[in-house]
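Here's the structure we're looking at; comments come further down.
Computed from the coordinates by the stated procedures, all read-outs in this text should not be read as laboratory data. What you are looking at is a predicted structure, and each value in this text was computed from that prediction instead of being measured. Methodologically, a virtual Cβ is constructed for each residue, glycine included, from the backbone with ideal geometry; neighbour enumeration extends over all protein chains shown.
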Amino acid sequence: MRNRKTTKHYCMLLAGVMLAAAYPIYMGIFVFVRMLRDGAIPMETYPKYVIPYTPIALAVIAGVLLLPLFQKLTKKKALLPGAAVSVAMFFLAERLMETKILVQTQEFVPLESWQMSLCYVPPEMYETRTWEAVDVLLGGYSPSFKLHFYLISVIIILSLLNCVYGYMRMLLTGEYGRKKALILQTVTGLAFLGMCIWACFTAFYRTGELTVSAVSAVLMSAFFILLGVTAGVFLASFTLEKRRSLSVALPAILASATTLAMYIGEMCLLSGNLYRFGSGFFFNGMGALVLAPADLCVILASGAAVSLIAARLRRKPKHARNG
């Protein structure tokens, strides 16, 4: 760190990250202690969604702890190695917990399989739910369901690190050109994380049926759009001075592509199906295309929102300002 002020701000950021990560870290310690003691975690004492939040917490902490080193070694490119180490840490911790932790229901279930069941219904409904052949569990366990699970986790990690690394970079250089973008990244990142936590405890009020209620439909649509917006704002924060085709179009494309990837992850989870937000043409899949017009609107909405945001954030290139 270059001076006392910067060091002070870094210590405050680190303390804030450690405080925010305290409960996910506690959950991880709890499950490993129970595993060592009992060999499995009883379903009723399972900390909801210890994965992916404990691995996410470990990944972000690792990235923040290494921030001073990467700033010293790479100057402007500190986020790149920081993100690489954090994402690697996430996948290492995630895979370890998925395969080594067992949840005790009527039998011993690996944590990754138990987590899959929570994507259908929240834990408190697991035993009382009446499962039917037409339900979403149309196939057996498939690791492909984790596509959107990992996508969400990586975007949370990258958005949070972008805020921390960007803020510290501004303090070091005195260049505040990315300030608005980083503030917006903080808002979208924390809002998306909040929606993830909300979904963890409610599964957005789904019952396991493919056709969901109006409340579930609105919340799921907002979740998908916010996911894309968070990813798009991340890219937009780096393209502020590029020409419009790059600074606006690319973040918008990334936003829509991210939302589409989320839909693909849902298809993997639901064995080639999607949750339906209603009945009729607007909500039904279009022929061989599983996506419905309503789903396409959600995908396009995330891109449209980011294009508007990026256009407002965009700065004129330096040569244009000097000219």
Please sort 257-267, 272-282, 225-235 by packing, taking for each peptide the average over its residues of neighbouring beta carbons within 10 angstrom, highest first.
-> 225-235, 257-267, 272-282
Any residue on another chain or 5+ positions along whose placed amide H is under 5 Å from the amide H of THR211 is listed here as ARG276
To the nearest whole percent, what portion of all C-alpha pairs in the stretch 217-323 is separated by more than 19 angstrom?
-> 48 percent
Potential lengthening between TYR150 and THR207 on full extension [0.36 nm per residue; Cα-Cα distance subtracted] = 18.2 nm
Note to self: Kirkwood Rh of the stretch 132-323, Cα pairs, one decimal, Å, is 17.8 Å
Give me the number: length gained by fully extending THR45 to CYS297, i.e. 0.36 nm times residue separation minus the C-alpha to C-alpha distance, one decimal in nm.
-> 86.7 nm
What does the stretch 1-118 give for Rg and for Dmax, in Å, if only its C-alpha atoms count?
-> 17.3, 58
Whichever lysines have a C-alpha closer than 24 Å to that of LYS146, once near sequence neighbours (fewer than 8 apart) are set aside = LYS48, LYS100
Potential lengthening between MET18 and VAL290 on full extension [0.36 nm per residue; Cα-Cα distance subtracted] | 93.7 nm
At each listed q (0.17, 0.21, 0.31 Å⁻¹), what is the log10 of I(q)/I(0) that the Debye formula gives for the stretch 202-254 modelled as equal alpha-carbon point scatterers?
-> -0.60, -0.71, -1.09
Going out from 0 in 10 Å bins, what whole percent of all Cα-Cα distances in the stretch 3-53 drops into each bin?
-> 23, 36, 20, 15, 6, 0
Among 7-14, 305-312, the order from most to least packed when residues are scored by Cβ within 10 Å on average | 305-312, 7-14
